[in-house]
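Below you'll find the structure, written out as structure tokens, and then a few comments.
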Amino acid sequence: MALDLLIKNGTVIDGSGGPRYRADVGVKDGRIVEIGRIRAPAERTVDAEGLIVAPGFIDGHTHMDAQVAWDPLGSCSCWHGVTTVVMGNCGFALAPCKPADREWFARCLTAVEDIPTEAMLAGIDWTWETFPEYLAKVESLPKGLNYGMYIGHSALRMYAMGKRALEETATEDDLKVMAHAVEEAVRCGAMGFSTSRATTHTTPDGTPVASRIADWHEIDVLVGAMAKLDAGIFQVGPDISGGAAQRTFLDRMRRVALETGRPIMFGMLATKQGVEPNPWDYQLRWMDETVALGGRAWGQATTRSINAVFSLKSYLPFDVLPAWKEIRALPLAEQKARLRDPEVRRRLIADEALMKPKGSELQGGGAATTDPRKPDYDNLFPMLDVDWDDPSVGDLSRRQNKHPVEIIIDLCLENDNRVFVQPLVNETPADVLGLLQHPRTLATFSDSGAHVCQEMGSSLQTHLLSYWVRKRQQFSLEQAVRMLTFDNASAWELPDRGLVRTGYAADLVVFDEQRIRPRLPSVEQDLPGGARRLVQKADGIAATIVNGAVALENGEWTGAVAGRVLKGSLAA
Ligand SMILES: [Zn+2]
């Protein structure tokens, strides 16, 4: 039998956590058909001598819902070995949506997720109304990656209730409409139902997003609709605004888990922000106890801090100040000329004293960049490299005996692509490690497709492999690959992905274990309509294969669009 694709001479790390072995991998019709010393001819051969052959990485927490309409590649996730993403998280989705509400939906996504409205209006051929119609649309789009999707609560509530969704408790009739839509979505292929209780999720008017207006009875009814089908995952953007608020949220989530039996998932984040934050392992104990009582729960962890990202080409913390506003409106070259002028610098530094002080409120990447407080300069780091050992702006200021603002200006002038990161949560690497080591947490949560100029989570996979495996040696490569593949495939119940096994889908990533690492991010203007976003690529990945087609070779897209929509269990 002639193969479509042969990956020769590689070292297989199969995703199970088991030890590596040398073998060729043969692919036919999108599936792995042979593993061993393969003699069959193949239409195409990839030489993996000295390289690792692993299952493609799976990221269960993205917001690619809009981007999938204009970016067949699925960047930036595609550059980090990802072959499958799940979108529609945290209740944000583009379906169901009535035609008259499209622009409002787009504006809400701009407000919460920093996806530019102009990119959405220019880049989306918005033909759907219901969830099944959106799913069919995504099926028809050319895709470099595989996509799973949730039906999102904020979208659903707006669809069922119109503007009342932003203010009122649902009536019994509203609940019927919503429960029916959840059932219809799960039957036709939704991975489940998502919502948000996160205080950082607000509309363009600063009011809570629709899902946050819902009472817990509404959550019970909608997750109950999935329970009747015995299918679907419940994903939630958690409330981590304070210790008591988080505990109340977790208590109520436990009831949902126990009453419905549906797997529930939410971001487990260690935070020192907010009002009297709970210890980082509080959520882990909650998860173990919930499972002991009979519930099913997963924690979504990421692999490092989640940061507000600043740069000259995007946001700086000082943009709203009067002297800064004037300069920031100028073209980049003129800004740089003005930033070199000592008189201008003096004014810019003096203006910083006017900034609002940092209170106890928890800011997400949105507010932290658009409504910034006076920075804690010991918690603001220039990214000089990707090893996460850079000195803070505070350190540099003391060392050079210069005002922190002057340090930032100097670093921006030295390299106008320089980014600065301000950890919002997961500030302490040891806490992140503790979260990742727990058997019920998943290495996921890139938020890819969202916060396009505010955060940069898409590199979580290459960061795990370069930082936690190679530099810190806290996981074996086999363990880390399993975390990115089989563990996530299991949690999202993807039956034939996440392992290198005959019969499995040929989603594969071929990489150099000594070289794999994220590159420094930069700000590019590559969204529809020319809007800007952060772009981060990686080194050390030779090939990424999706459903048997080589999608990327040395980081370059081949033009292959073999990605599919992955459906939940009732439609798969
Ligand atoms: Zn999210």
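Here are a few things to note about the model shown:
- Considering the stretch 446-457, and only residues there that are touching a helix residue (DSSP H, G or I) at 6+ places or on another chain (Cβ under 7 Å) and part of a loop (DSSP other than H, G, I, E, B), the residue that is farthest from the ligand (Cβ to nearest atom) turns out to be GLN454.
- For the stretch 265-274, the criterion of being at pLDDT below 95, surrounded by fewer than 24 Cβ atoms within 10 Å (Cβ to Cβ), in a helix (DSSP H, G or I) and on the phi < 0 side of the Ramachandran plot is met by none of the residues.
- Residue that is charged (D, E, K, R) and modelled with pLDDT under 85, where the choices are ASP371, ASP376: ASP371
- If you go through the stretch 19-32 and pick out every residue that is in contact (Cβ under 8 Å) with a residue 40 or more places away in the chain and more than 32 Å from the chain's Cα centre (by Cα), you end up with 0.
- Check on PHE249, out of contact with any His (no Cβ under 8 Å at 6 or more places or on another chain), within 16 Å of the ligand (Cβ to nearest atom) and part of a helix (DSSP H, G or I): yes
- Unique match (being of a type outside the set (A, V, I, L, M), at pLDDT below 95 and closer than 26 Å to MET149 by Cβ) among GLY530, GLY498, GLY457: GLY457
- Test: residue in the stretch 87-107 that is touching a residue at least 24 places away in the same chain (Cβ under 8 Å) and either under 18 Å from ARG482 (Cβ atoms) or β-branched (Val, Ile, Thr) (or both): no
- The requirement of being more than 16 Å from the ligand (Cβ to nearest atom), more than 28 Å from LEU477 (Cβ to Cβ) and crowded, with 20+ Cβ neighbours inside 10 Å is not satisfied by PRO41.
- Taking every residue in the stretch 162-175 that is closer than 17 Å to PRO208 by Cβ and pairing it with any residue that is not in a helix (DSSP H, G or I), at least 6 positions away or on another chain, the pairs with Cβ-Cβ distances below 7 Å are LEU166/THR203; LEU166/THR207; THR169/ASP215; ALA170/ALA214.
- Looking across ALA198, ALA227, one residue alone is in contact (Cβ under 8 Å) with a residue 24 or more places away in the chain and buried (at least 22 other Cβ atoms within 10 Å of the Cβ). It is ALA198.
- Count - residues of the stretch 49-63 that are away from the ligand (no atom under 11 Å from the Cβ) and at pLDDT below 95: 0
- Looking only at the stretch 434-445, and only at residues there that are among the polar types (S, T, N, Q) and crowded, with 17+ Cβ neighbours inside 10 Å, the one that is farthest from the ligand (Cβ to nearest atom): THR441
- Residue in the stretch 417-433 that is away from the ligand (no atom under 16 Å from the Cβ), in a loop (DSSP other than H, G, I, E, B) and of a type in the set (Val, Ile, Thr) present: yes
- Checked against (1) within 24 Å of HIS217 (Cβ to Cβ); (2) not in a strand (DSSP E or B), TYR315 meets all criteria but (1).
- Scanning the stretch 232-250 for residues that are of a type in the set (Gly, Ala, Ser) and under 12 Å from ILE264 (Cα atoms), we see that the one that is surrounded by the fewest Cβ atoms within 10 Å (Cβ to Cβ) is GLY237.
The values are calculated or read from the model by the stated rules, or taken from the named source; none is laboratory data. Just so it is clear, the model here is predicted, and its values are computed rather than measured. Here Cβ is always computed from backbone atoms with ideal geometry, including for glycine, and neighbour counts include all displayed protein chains.
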